[in-house]
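*Asks:* Sharing a structure below in structure tokens format, with a few things to ask.
The values are calculated or read from the model by the stated rules, or taken from the named source; none is laboratory data. It should be emphasised that the depicted structure is a prediction, and the values quoted were computed from it without experimental measurement. Because the Cβ atoms are built from the backbone with ideal geometry, glycine has one as well, and the counts that use them run over all protein chains shown.
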Amino acid sequence: MTEKRIGVLTQMSCGGLFNIKLYNIFVTDNRLIFSFMSKEAKKETQKRLDEKVKGKSFKERLSIIASHGYVLPEHYHEMAIDDIANEHPNNIVVLLDDVVKISIKRPKTPDSKGYSKSDYFILKTKDKKIKITPASKEDMKLFNTVLKERAKIPRIIL
């Protein structure tokens with residue numbers, strides 16, 4: 001049986017206060033693959049931005065830079081899921097069967113509208129806890145799809 005890709009969460013921060021690393025999280029029907037974002041991947045995004053702004057006026061460049069976000073490197077689209085898992089020594093693979101639960105946390109802040117801190121996920125496995133930031137509505141739906149009853153994400157906010 002082949003493993004199916006369900007989705008990708010791009011540019012997610014994982015870790016504690018002083019040990020934060022950026023990952024692209026590939027979600028399959030069998031596991032979560034935390035693919036470490038290397039300097040090369042960040043440089044590729046910068047290279048794409050540089051190509052977009054080349055020859056543009058100052059006002060056009062400013063607009064392009066403001067709307068440009070991280071784009072998943074193209075080689076990931078053709079890569080086999082096992083190759084992604086083994087690509088970098090900092091990659092983390094979590095089998096869905098090992099996930100005890102995933103929940104969403106809404107930080108309490110002095111700001112009554114909650115603007116100062118974003119929501120985040122806490123992924124609990126049999127061995128460890130992983131904090132994943134930021135949490136978006138699409139990410140919540142993806143985790144609810146693959147983890148079903150282990151996703152302690154209120155469906156009311158979806």
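*Asks:* When the residues of the stretch 5-27 are filtered to those that are among the polar types (S, T, N, Q) and touching a residue at least 60 places away in the same chain (Cβ under 8 Å), which remaining residue is farthest from residue 129 (Cα to Cα)?
*Replies:* Here the answer is 10.
*Asks:* Ok, one more. What residue, among those in the stretch 65-106 that are loosely packed, with under 12 Cβ neighbours inside 10 Å and among the charged types (D, E, K, R), is farthest from residue 132 (Cα to Cα)?
*Replies:* So, considering only residues that are loosely packed, with under 12 Cβ neighbours inside 10 Å and among the charged types (D, E, K, R), the one farthest from residue 132 (Cα to Cα) is 78.
*Asks:* Does at least one position in the stretch 106-121 carry a residue that is in contact with a Lys or Arg (Cβ under 8 Å, 6 or more places away or on another chain), under 21 Å from residue 21 (Cα atoms) and at pLDDT 85 or above?
*Replies:* Yes, the stretch 106-121 has at least one match.
*Asks:* Oh, and also: Can we say residue 84 is modelled with pLDDT of 85 or more and in a helix (DSSP H, G or I)?
*Replies:* It is true that residue 84 is modelled with pLDDT of 85 or more and in a helix (DSSP H, G or I).
*Asks:* I need the full set of residues from the stretch 28-59 which are of a type in the set (Asp, Glu) and closer than 17 Å to residue 80 by Cα, in order please.
*Replies:* The answer is 29, and nothing else.
*Asks:* How about the stretch 51-81: which of its residues are closer than 26 Å to residue 94 by Cβ and not β-branched (Val, Ile, Thr)?
*Replies:* 69, 70, 72, 73, 74, 75, 76, 77, 78, 79, 80
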